[in-house]
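**Q** Shown below is the structure under consideration.
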């Protein structure tokens, strides 16, 4: 079945804007899953004084709608403050492309979710979170769900790779059902640390292998 893609969407798919990696990014975020077929990573450079997004780039894996919505999101937010960027909705992104087929509307949601995660990452790193509340174990688990099990193509919580998470007095211990010399152990550990290290009340992150 051929989906009714509009001219602007196809243009962003064939010639996406702001593709690539910002090596010294001020913040980044990845959302999506290989299991569902769509993944987006966004990188931000932000002016510390004005909080304007000076540069934004993306990497994307998935369908035409996924690539196009990630592309158009970068156009929509470049030059805006992080507060203005947070106000952009999935509907705004979809409308900017001339609409999306209903079956592909989740791609617009994914692009906006990734943007908001990247902004949250920036705010945490730079101490901009207001009304800070103690981080809960469930919040830690939600962050860890962004880490994929490369063998299964799903997140490490869903696949049972995470045996337990213990959070006491600022110290997080993540117990993994993995051997320390597993070919993916180092990569998974690094990604867990990357997901958790910007949380304001986490002081130390320990990764332990239980096999």
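**Q** State all residues of segment 50-66 that are surrounded by fewer than 23 Cβ atoms within 10 Å (Cβ to Cβ) and modelled with pLDDT of 95 or more; if no residue qualifies, say none.
**A** Hits for segment 50-66 are 50, 51, 52, 54, 55, 57, 59.
**Q** Would you please list the contacts, defined by Cβ atoms under 7 Å and residues six or more apart or on different chains, that run from a residue in segment 107-130 that is over 19 Å from residue 69 (Cβ atoms) to a residue that is part of a helix (DSSP H, G or I)?
**A** 122/82; 129/123
**Q** Just checking, does segment 159-179 include any residue being more than 30 Å from residue 87 (Cβ to Cβ), free of Cβ contacts under 8 Å to residues at least 24 places away in the same chain, assigned to a loop (DSSP other than H, G, I, E, B) and touching a helix residue (DSSP H, G or I) at 6+ places or on another chain (Cβ under 8 Å)?
**A** Within segment 159-179, none of the residues are more than 30 Å from residue 87 (Cβ to Cβ), free of Cβ contacts under 8 Å to residues at least 24 places away in the same chain, assigned to a loop (DSSP other than H, G, I, E, B) and touching a helix residue (DSSP H, G or I) at 6+ places or on another chain (Cβ under 8 Å).
**Q** When you go through 22, 73, 82 one by one, which is the residue that is at pLDDT 95 or above and out of contact with any helix residue (DSSP H, G or I) (no Cβ under 8 Å at 6 or more places or on another chain)?
**A** 22
**Q** Next up: Got a sec? Which of 187, 182 is in a helix (DSSP H, G or I) and on the phi < 0 side of the Ramachandran plot?
**A** Step by step, each of 187, 182 is checked, and only 187 is in a helix (DSSP H, G or I) and on the phi < 0 side of the Ramachandran plot.
**Q** Could you check, for segment 91-104, whether at least one of its residues is farther than 18 Å from residue 17 by Cα and in contact with a strand residue (DSSP E or B) (Cβ under 8 Å, 6 or more places away or on another chain)?
**A** no
The values are calculated or read from the model by the stated rules, or taken from the named source; none is laboratory data. Quantities reported herein were computed from a predicted structural model and do not represent experimental measurements. When we count neighbours, we look across all protein chains shown, and the Cβ atoms used for this are built from the backbone with ideal geometry, even at glycine.
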